[in-house]
Amino acid sequence: MPGHFEPIPGGGAAVALDDVEISIIRSLAVQLLELIGPGPGGEVDDDPLAELFAEGPSEPPSDAVLRRLFPDAYGGPGSEEGDADELRAHSSEFRRFTENDLRAGKREDALAVVRSLDALSPAGDGGAILKLSQGESIQWMRALNDLRLAIGTRLDITDEEDTDLLYRLPDDDARKPMVMAYLWLGGLQETLVETLMP
């Protein structure tokens, strides 16, 4: 089980994590939460319906990672150039009504990661066994994907060739720790996905 998720009886998954791995995943999830930011207004509103009907931003985020996590719904690679203004208008309208919910979902997934790590009971060898229910496994899968997208964006990974180049980085390259985290999280994500497949 070390280093990869395995299915557990009744659904869900388990993985053995050492203290360093727990610290890395938790730190990355907290950084993702900080990047995503609080919900609309940042505070609890007295009117519960106000947040339900709150409109989100209409412009794409300025941060490259947030643009990757919350891409435009229309346009992008392979789209026709002729109607760029119309595509931007549609994307803006779609973003206005969906981004708050997308952010809330990503926040919940990242919080689920932090909470499950915080609830771990240490094992005698300086690590712990993380056991996730089926629902928690799905939240972890989505959060791992978001973390990899964030790291991949910071590393300028756009296709498989970029990933191949990262394998060959010299050990003294400043990007090496981020690359190692990216690859490790990819392995965790892959084994978690495998546990969720029937």
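Descriptive notes on the structure:
- Integer Hz, Karplus 6.51/-1.76/1.60 couplings in order for the stretch 177-185, x for Gly and Pro: x, 5, 5, 4, 5, 4, 5, 5, 4
- Charged neighbours of ALA119, selected by a Cβ distance under 13 Å, balance to +1 (K, R count +1; D, E count -1).
- Mean separation of Cα contacts under 8 Å (6+ apart) over length of the stretch 114-198, as relative contact order %: 31 percent
- Shape class of the stretch 97-175 from the alpha-carbon gyration tensor: oblate, with a/c at 1.5 or above and b/c at least as large as a/b.
- Protection proxy ranking of 188-197, 138-147 - average other beta-carbon atoms within 10 Å, highest first: 138-147, 188-197
- Inter-label distance, MET178 to ASP63: 1.3 nm, where each label sits 7 Å from its Cα along the C-beta direction.
- For a modelled paramagnetic label at GLU194, 7 Å from Cα along Cα-to-Cβ, the residues of the stretch 1-24 in reach, with backbone nitrogen under 15 Å, are 1-8, 13-16.
- What a 1.4 Å probe finds exposed on the stretch 95-135 is 55% carbon and sulfur by accessible area, rounded to a whole percent.
- Spin-label pair TYR167/LEU149, simplified geometry with 7 Å Cα→Cβ offset, distance in nm: 2.6 nm
The values are calculated or read from the model by the stated rules, or taken from the named source; none is laboratory data. Computed from a prediction, not measured in an experiment: that's the story for all the values here. All Cβ positions, glycine included, derive from the backbone under ideal geometry; neighbour counts span all protein chains shown. Protein only, heavy atoms only, side chains kept; ligands, DNA and RNA dropped before computing areas. Shrake-Rupley method; radii C 1.70, N 1.55, O 1.52, S 1.80 Å.
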